[in-house]
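What follows is a short report on a single structure.
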């Protein structure tokens, strides 16, 4: 009887170990697969953000909130940024915050206008500190009523899983 | 039967019963997990696919959100890779924000749905529709864009409808609008005669599927009647009128409120510009407060009076800007 009981106990132990091994094996496979899937989804997300960022530079430059109006060009809207409007964003936190949701939804972390020729000020349209970001830039005239300078419009987007 | 019984006895005798039970239980668990995993994987991949498609579609709409800065009206068909059901919703402005449009793509049977895409920087006017393949070609969406002037370019409006839907405009069409649309040569928007399957948009009378009524005689202020809904519009370049024609009532009214909120935010920037100009010794008589109030009223209720006041306030701002020494916009 004792022999049979010992054999039974051994079988139960054996089963427990096998079950544990099976669970561990499947767990590892699942973890590996989930990591692979997550990487793929992150790649797609980064690619989509980059595609969006490229078109965003033009979209930002043509926003009525920043674009030169008839008051500067005399003929209608033109492809330049209005210095007074840019300064309004730079100096007024409330105005910047009004558009925060719009930028955040596009994963934009920074929008800046840098005077490059002649070199001068950098104006912030939006600024959020993030760990990983990638910048896209385009050159555009920055005009006031009496003169224009060449400026660089810089749009940075969050990359990876930076928050 | 006798053979099975004999075999069972043999198995029991040899102590194989335990192993069999174990194998069956573990096998069942493994099979269950495998099927569950494959099933969830399939649904996740479909969700991912539809979500990526929605995001790509939103990127494709990007150029339409700034083309208004260059032209009066723009039209281009957009191809999507799969037959889909497109849902358009709009989230109205909560407090001092911009509100958002929401696009969701799903399969035609509505079983596989992607994640909704919230869009804060665009104003998309559309009705829910099925985008189906025609002649084996990819489904196409017809996309039009027109700047919304009130009185400056507030934003660019995007109108979307499936290529399979055909509109025809009849009656007393405003000549400027007719010229603009003729120039674009949109295949599924007729401006002369109607075919039986067309959706007839009738200007100045009520015999069409959609009827456009003018309160001002020149269609600058008016309403669009479709089904039992009445959508009020105003504006010098007919952008809101087209928006009302191509959009559902919920999406139209919600986006109109979002536009009113955007005007409110833009007034803050123009006030700063006015202040900057005045510091440089260049004065402006423009007072935005009436327009701001009209925009706030429009966000509360949209009716004939509020839309009329909205338009009149914008016209007043426009004329005072033109008469000022320095223009704000």
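Restricting the search to region B:92-102, which residues are over 10 Å from the mean Cα position of the chain (by Cα) and within 11 Å of another protein chain (Cβ to nearest Cβ)?
The answer is B:93, B:94, B:95, B:96, B:97, B:98, B:99.
I need the full set of residues from region A:102-140 which are within 14 Å of chain B (Cβ to nearest Cβ), surrounded by fewer than 17 Cβ atoms within 10 Å (Cβ to Cβ) and within 24 Å of residue B:273 (Cβ to Cβ), in order please.
The one that is within 14 Å of chain B (Cβ to nearest Cβ), surrounded by fewer than 17 Cβ atoms within 10 Å (Cβ to Cβ) and within 24 Å of residue B:273 (Cβ to Cβ): A:138.
Between a first residue in region B:110-122 that is more than 7 Å from chain A (Cβ to nearest Cβ) and in contact (Cβ under 8 Å) with a residue 24 or more places away in the chain and a second residue that is assigned to a loop (DSSP other than H, G, I, E, B) and surrounded by fewer than 18 Cβ atoms within 10 Å (Cβ to Cβ), which pairs have beta carbons less than 9 Å apart while being 6 or more apart in sequence or on different chains?
Correct list of pairs: B:113/B:107.
Taking into account only those residues within region B:315-329 that are more than 21 Å from residue B:256 (Cβ to Cβ) and without any contact (Cβ under 8 Å) to a residue 40 or more places away in the chain, which is surrounded by the most Cβ atoms within 10 Å (Cβ to Cβ)?
B:320
When region B:252-287 is examined, which residues are found to be more than 14 Å from chain A (Cβ to nearest Cβ) and over 19 Å from residue B:147 (Cβ atoms)?
Those that are more than 14 Å from chain A (Cβ to nearest Cβ) and over 19 Å from residue B:147 (Cβ atoms): B:253, B:254, B:287.
Touching a residue at least 60 places away in the same chain (Cβ under 8 Å), within 14 Å of chain A (Cβ to nearest Cβ), surrounded by fewer than 22 Cβ atoms within 10 Å (Cβ to Cβ) and at negative phi - does that describe any residue in region B:130-149?
So far as region B:130-149 goes, yes, one or more of its residues are touching a residue at least 60 places away in the same chain (Cβ under 8 Å), within 14 Å of chain A (Cβ to nearest Cβ), surrounded by fewer than 22 Cβ atoms within 10 Å (Cβ to Cβ) and at negative phi.
Check off (1) within 9 Å of chain B (Cβ to nearest Cβ); (2) surrounded by fewer than 19 Cβ atoms within 10 Å (Cβ to Cβ); (3) over 13 Å from the mean Cα position of the chain (by Cα); (4) in a helix (DSSP H, G or I) for residue A:39 and give me the number that stays unchecked.
Residue A:39 satisfies all of (1) within 9 Å of chain B (Cβ to nearest Cβ); (2) surrounded by fewer than 19 Cβ atoms within 10 Å (Cβ to Cβ); (3) over 13 Å from the mean Cα position of the chain (by Cα); (4) in a helix (DSSP H, G or I) except (1).
In region B:270-277, is there at least one residue being touching a strand residue (DSSP E or B) at 6+ places or on another chain (Cβ under 9 Å) and closer than 19 Å to residue B:324 by Cβ?
yes
Can you tell me which residues in region B:238-263 are free of Cβ contacts under 8 Å to residues at least 60 places away in the same chain and surrounded by fewer than 24 Cβ atoms within 10 Å (Cβ to Cβ)?
Listed by number, the residues that qualify are B:249, B:253.
List the residue pairs whose Cβ atoms are under 7 Å apart, where the first residue sits in region B:292-314 and is farther than 13 Å from residue B:220 by Cβ, the second is in a loop (DSSP other than H, G, I, E, B), and the two are 6 or more positions apart or on different chains.
Final answer for the pair search is B:299/B:93; B:304/B:215.
Read the figures in this text as sums done on the coordinates, not as results from a lab. As the structure is a prediction and not an experimental result, all values here were calculated from the model. In this analysis, Cβ positions are derived from the backbone assuming ideal geometry, glycine residues included, and neighbour counts consider all displayed protein chains.
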